[in-house]
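Written below as structure tokens is the structure these notes are about.
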């Protein structure tokens, strides 16, 4: 069993997907199916690196915030009144937390490089969170965005020379895929809300940012990944079956993500 659980395909794909399906099946009626994303992420963290947060390194901060994000999402969905979601403040807070995550790395760099890297990653995460949160009321597009964000950050991280971050990203996508598949098979739209959109955007955004700061992901790949929440907004008639809408919106996102893959693959090695 230990050998099976040590397999990267199990850690980053199979196990997160299965656990995600279980979460959707159990919690869909409670409007918490979006927790499938974090469940998948948590499985990958537990299997690949362990749920240990001391000492609190940059990678462990990424995992910690990714696991805490759904708590804030649930509060937004069930405590705050609908239509009053503080998207901009939440995005700004997530951007600021990005600086905290990578502070130990940034303070070792020259001032100019630290400002560019820190400011750029903070803006990226803030943008990704804000733009994805606006999909909270559109479960088909939100699910597609979460799948593409997770899988694309995972692939980009692997291409950027970080296998662990790659597993984290792929697990986010696998958990989201369980949410999307359940919608496709049942023809029903489950509640996504901030529970899904905040969880997916925070975790995927920090994974992508970590691949830049800690590995070799080029900065311009982040620019392309940031287009995914916009790409899934391209036309897809509500009259279409849920499974067709899901595939169509996801294809828009993957079209944008493919550009990031090419850019990362062709990026020159660091000097």
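The values are calculated or read from the model by the stated rules, or taken from the named source; none is laboratory data. Since the structure is predicted, the reported quantities are computational estimates derived from the model, not experimental observations. Cβ sites come from the backbone with ideal geometry, for glycine too, and all protein chains shown count toward neighbours.
For the subset of the stretch 159-177 comprising residues that are more than 19 Å from residue 46 (Cα to Cα) and assigned to a helix (DSSP H, G or I), which member is modelled with the highest pLDDT?
Taking the candidates together, the pick is 177.
For residues that are over 12 Å from residue 47 (Cα atoms) and buried (at least 19 other Cβ atoms within 10 Å of the Cβ), scanning just the stretch 10-28, find the one that is modelled with the lowest pLDDT.
Filtering the stretch 10-28 for residues that are over 12 Å from residue 47 (Cα atoms) and buried (at least 19 other Cβ atoms within 10 Å of the Cβ), the one modelled with the lowest pLDDT comes out as 28.
Is at least one residue of the stretch 171-185 farther than 30 Å from residue 239 by Cα and either surrounded by 15 or more Cβ atoms within 10 Å (Cβ to Cβ) or in contact (Cβ under 8 Å) with a residue 60 or more places away in the chain (or both)?
Among the residues of the stretch 171-185, at least one is farther than 30 Å from residue 239 by Cα and either surrounded by 15 or more Cβ atoms within 10 Å (Cβ to Cβ) or in contact (Cβ under 8 Å) with a residue 60 or more places away in the chain (or both), which makes the answer yes.
I'm trying to understand the selection: among the residues of the stretch 195-247, which are surrounded by fewer than 24 Cβ atoms within 10 Å (Cβ to Cβ), in contact (Cβ under 8 Å) with a residue 12 or more places away in the chain and not in a helix (DSSP H, G or I)?
Those that are surrounded by fewer than 24 Cβ atoms within 10 Å (Cβ to Cβ), in contact (Cβ under 8 Å) with a residue 12 or more places away in the chain and not in a helix (DSSP H, G or I): 214, 215, 216, 218, 226, 227, 233, 234, 236, 241.
For residue 264, which of the numbered conditions (1) part of a helix (DSSP H, G or I); (2) closer than 24 Å to residue 35 by Cα; (3) in contact with a helix residue (DSSP H, G or I) (Cβ under 7 Å, 6 or more places away or on another chain) fails to hold?
Failing condition for residue 264: (2).
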